[in-house]
Amino acid sequence: MAHIGKDIERPLGQSLQPKRPASRGIGSGSLVAVLAVLGVIGVSGAIALREKPFRKPQEVAVSTPKVTAAPAAAAAPAPAPGPVAAAAPQASTPMKSGGPQIIHVQTEEGDSPPKAAIVIRDPSTLGQNLKVAHIPDRALIETSETGPLPVRSADGRRPFDVYARPWSGARGARVAIVIGGLAVSQTGTQAAITKLPAEVTLGFAPQGNSIGRWMQAARQSGHEIVMQVPLEPFDYPNVNPGRNTLTVSASPDENLKSLHWALSRTTNYTGVMNYMGARFSADASAMEPFMAELGKRGLAYVDDGSSSRSVAPDLALKDGVPFVAGDTAIDAVQDRGEILKKLDSLEATARAKGSAVGIGSAFDITVDTVTSWIAEAKKRGIEIVPISAVAIDPQKG
């Protein structure tokens, strides 16, 4: 090593000088080499002896500040708990919904000079591994007489976060598609789960059968799911969404009881979607307790977009409920050509606005058409995302 080093340092065109007789002491070059070797050994030993780094790869701090607990908030506990949640963020760089967030954390007063750290957090790390997505998180379950009810965990995690399907977080054109009515027809449900790409969100009807089993099959196949809730339409009861419909004439307690029945039919869903409900969703006094309950339990609300008079957007913002509004009912006409036209319009909307949401039902022709269209849309650069990826989340700004 010493000879190589001297050859590199020798100016071009100069010949080697005759070696001088070795002195009895250690030369300066040898001393530098010895110190360099000792330094490498010391660093290697420190690396070998320290704890394994990055045990939590979702949180990488540039420095290690002393962080203090933030004062308790009066509002509902925020999601994404962990070491960073205990810190008092001084400022944050806003990112798109669902993407990584850069949080600037100031250290304790008294540090001289003041120090700060930048912590990069990826909300997608809250979600379940897809291999175990069919297994309910016990921390998100409240036991009730009718079955398991979704609830925020003690540390603030929401079903909306934990049960969300991961996506790329890219800024390209995104299309979310929800196919509802699962568990009503057993053969139709099986076809929807197995044929539809995993990025398609599935909606379960609470009046269906074997919902728990179908939920597990859907989650094992990678689908995000929502629970449909029957809400009163105009001309009710001549037009009847089914058992335990929430109505404007019922008391808040009665409607909450009906809501809890629907919510307890299965688990592992990110939110609820209305089934009918044009009259109910236009009545603020009926919708307010309903939406407040969703916010309390950490669930999203998906409005199928069928009623322009819905008060859901304003109430969702008020009650901290992640909100999604459908842009197009893709299969109002059960014809392949008409469904393709609706899907193409979704693509155009997504390219113009960044995202678009289509709502359909688990008819055979819908499932087959959506499946083939998605295969082609992906080739055109469209990303198919779960419904949670396009939600407006008041808790994430």
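The values are calculated or read from the model by the stated rules, or taken from the named source; none is laboratory data. Predicted model, so just to flag it, every value in this text is computed and none were measured. Cβ atoms come from the backbone with ideal geometry, glycine included; neighbour counts cover every protein chain shown.
Across region 139-163, which residue is nearest to LYS296 (Cα to Cα) among those that are of a type in the set (D, E, K, R) and buried (at least 21 other Cβ atoms within 10 Å of the Cβ)? Working first, answer last.
Quick first cut of region 139-163, residues of a type in the set (D, E, K, R) only: 142, 145, 152, 155, 157-158, 161.
Keeping just the survivors that are buried (at least 21 other Cβ atoms within 10 Å of the Cβ) gives 152, 157-158, 161.
Values: ARG152: 7, ARG157: 12, ARG158: 10, ASP161: 14 Å.
If we take residues in region 139-163 being of a type in the set (D, E, K, R) and buried (at least 21 other Cβ atoms within 10 Å of the Cβ), then ARG152 is nearest to LYS296 (Cα to Cα).
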Return yes when SER345 is in contact with a Ser or Thr (Cβ under 7 Å, 6 or more places away or on another chain) and modelled with pLDDT under 95 and no when it is not. no
Given the condition buried (at least 24 other Cβ atoms within 10 Å of the Cβ), modelled with pLDDT of 95 or more, assigned to a strand (DSSP E or B) and assigned by TED's automatic domain parsing to the domain that holds SER307, answer yes or no: does some residue in region 182-192 qualify? yes
Anything in region 348-397 that is part of a helix (DSSP H, G or I), surrounded by fewer than 19 Cβ atoms within 10 Å (Cβ to Cβ) and among the charged types (D, E, K, R)? List them, or say none. ARG351, LYS353, ASP364, ASP368, GLU376, LYS378, LYS379
Among residues of region 299-318 being crowded, with 20+ Cβ neighbours inside 10 Å and among the acidic types (Asp, Glu), the residue farthest from GLY180 (Cα to Cα) is ASP303
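Name every residue in region 280-305 that is among the hydrophobic types (A, V, I, L, M, F, W, C), in contact with an Asp or Glu (Cβ under 9 Å, 6 or more places away or on another chain) and part of a helix (DSSP H, G or I), in order of residue number.
Taking region 280-305 as the starting set, the residues that turn out to be among the hydrophobic types (A, V, I, L, M, F, W, C) are 280, 282, 284, 286-287, 290-292, 294, 299-300, 302.
Keeping just the survivors that are in contact with an Asp or Glu (Cβ under 9 Å, 6 or more places away or on another chain) gives 280, 284, 286, 291-292, 294, 299-300.
Across region 280-305, the qualifying residues are PHE280, ALA284, ALA286, MET291, ALA292, LEU294.
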The number of residues in region 306-318 that are in a loop (DSSP other than H, G, I, E, B), modelled with pLDDT of 95 or more and among the small types (Gly, Ala, Ser) is 1
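Answer with yes or no whether ALA218 is over 20 Å from the mean Cα position of the chain (by Cα) and buried (at least 19 other Cβ atoms within 10 Å of the Cβ). So that I can check it myself, show each step before the final result.
On the way: over 20 Å from the mean Cα position of the chain (by Cα): no; buried (at least 19 other Cβ atoms within 10 Å of the Cβ): yes.
For ALA218, the condition - over 20 Å from the mean Cα position of the chain (by Cα) and buried (at least 19 other Cβ atoms within 10 Å of the Cβ) - is not met.
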Looking across region 164-175 at residues that are surrounded by 17 or more Cβ atoms within 10 Å (Cβ to Cβ) and farther than 14 Å from VAL200 by Cα, the single one that is nearest to the chain's Cα centre (by Cα) is GLY169
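Got a number for residues in region 319-335 being surrounded by 15 or more Cβ atoms within 10 Å (Cβ to Cβ) and part of a loop (DSSP other than H, G, I, E, B)? Working first, answer last.
Just the residues of region 319-335 that are surrounded by 15 or more Cβ atoms within 10 Å (Cβ to Cβ), to begin with: 319-331.
Adding the requirement that they be part of a loop (DSSP other than H, G, I, E, B) leaves 320-322, 326-327, 330-331.
Within region 319-335, residues that are surrounded by 15 or more Cβ atoms within 10 Å (Cβ to Cβ) and part of a loop (DSSP other than H, G, I, E, B) number 7.
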Would you say VAL178 is within 16 Å of GLY271 (Cα to Cα) and either surrounded by 24 or more Cβ atoms within 10 Å (Cβ to Cβ) or basic (Lys, Arg) (or both)? yes
